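What follows is one structure encoded as structure tokens, with my remarks underneath.
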Amino acid sequence: MIDPHLASRSVLVTGGNSGIGEAIAKAFAAQGARLILHFLDAAVVPPNMGHAVAGRAKADAIAAEIRARGGSIDVIPGDLLDPATPRRLFDGAGPVDILVNNAAHCELPDDILGVTPESLDRHFAVNARASAAMMAEFVRRFRAREGTSGRIVNVSTDAARAFATQVGYGASKAALEAMTRSVAIEAGPFGITVNAVAPGPIQTGYIDADLARRVLPDIPLGCLGTPEDVAHVVVFLASEQARWITGQVIQVAGGHAL
């Protein structure tokens, strides 16, 4: 049996109360990690969000489930559009060994005719700026406490290189991938690996039968992905076995968008 050495490690997951983030949180909890689960409170939903916001009730339900299984978890709300949120999250989290930047902002319409300066600003504020600030806080605090084995995993999209109809979202994720490589170079000497996963079509409830029929021919493995498929790769990148992998963007997409 492979031991990923994650028991008692502290993991901060942003956007951890639904979809891929929820699966990531539960996967780390199953390894005995201490979870800090960030979520966006439904009371502060930004305009034109292209996805539902689960809110506090779902975060509390996930926490109750993990605690019932003997796990350790704290939940912390925060709006990543606010530049002060990253520092506040780390203040409340305590020492963090693993950071997973999963939270994302997506607005519709986001095609070239619908994109606006304001929507672009919001996409980049959450998907790029906040992720950069979270990484900066992590590295700064990790160095201050003389940590020896840190992990950062960013969640992008396999369409970051070119995402027609989602211009702002795709471009902000491309920026996140660029930052992943840059921060990997800077953080490596401090014992921190920095990688990203790029999910393809993941069934989190938004893919209806018509969309599935259109997208499946472009997936060589012939099926949609699940949030757990992404979570498994995130856990691997955080594991001891991945200690010499850094600066990489790994597609978790069944061969989609190769």
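The values are calculated or read from the model by the stated rules, or taken from the named source; none is laboratory data. The shown structure was predicted, so the numbers you read here are calculated from the model rather than taken from an experiment. Counting neighbours? That spans all protein chains shown, and the Cβs are built from the backbone with ideal geometry, glycine included. Only protein heavy atoms, including side chains, enter the accessible area calculation; ligands, DNA and RNA are left aside. Shrake-Rupley method; radii C 1.70, N 1.55, O 1.52, S 1.80 Å.
If you wrap the chain in the convex hull of its Cα atoms and look at it from every side, the mean projected area works out to 13.6 nm².
Give me D for region 3-64 in µm² s⁻¹, whole number, from Stokes-Einstein with Rh from the Kirkwood sum over alpha-carbon pairs, 10 °C and 1.306 mPa s.
Working: Rh = 12.2 Å.
So the translational diffusion coefficient is about 130 µm²/s.
Working note: Debye formula, equal point scatterers on the alpha-carbon atoms of region 130-258, no solvent; log10 I(q)/I(0) at q = 0.13, 0.21 Å⁻¹ is -0.58, -1.21. In terms of packing, defined here as the mean over residues of other Cβ atoms within 10 angstrom, the peptides 246-253, 117-124 line up highest first as 246-253, 117-124.
Ranking of Ile2, Ile207 by solvent-accessible surface, largest first: Ile2, Ile207 (1.4 Å probe, protein heavy atoms only, all chains present). The alpha carbon centroids of region 168-223 and region 10-71 are separated by 19 Å. Surface composition of region 159-258: carbon and sulfur atoms hold 59% of the protein heavy-atom accessible area at a 1.4 Å probe. For His232 and Arg67, a Förster radius of 22 Å and the Cβ-Cβ distance give a FRET efficiency of 0.45, rounded to the nearest 0.05.
Based on a Kirkwood Rh over C-alpha pairs, give the Stokes-Einstein translational diffusion coefficient of region 1-125 at 10 °C and viscosity 1.306 mPa s in µm²/s.
So the translational diffusion coefficient is about 104 µm²/s.
Rolling a 1.4 Å probe over the protein heavy atoms gives region 48-135 an accessible area of 46 Å² per residue.
Projected onto their three principal axes, the Cα atoms of region 186-230 cover extents of 48, 21, 15 Å, largest first.
For Val44 and Ser149 in one chain, what is 0.36 nm times their gap in residues minus the Cα-Cα distance, to one decimal in nm?
Working: separation 105, 0.36 × 105 = 37.80 nm, distance 3.52 nm.
Using 0.36 nm per residue and subtracting the Cα-Cα distance, I get 34.3 nm.
With a simple spin-label model that places each label point 7 Å from the Cα along the Cα-to-Cβ direction, the separation between Gln248 and Ala84 comes to 4.0 nm.
Fully extended, how many nm does the chain gain between Phe190 and His5 (0.36 nm per residue separation, minus their Cα-Cα distance)? Let's see the in-between values first.
Details: separation 185, 0.36 × 185 = 66.60 nm, distance 1.90 nm.
Separation in residues times 0.36 nm, less the Cα-Cα distance, equals 64.7 nm.
In the full protein context, region 180-258 carries 53 Å² of accessible surface per residue, based on a 1.4 Å probe and ignoring ligands, DNA and RNA. On a per residue basis, the convex hull of the C-alpha atoms belonging to region 89-189 measures out at 94 Å³.
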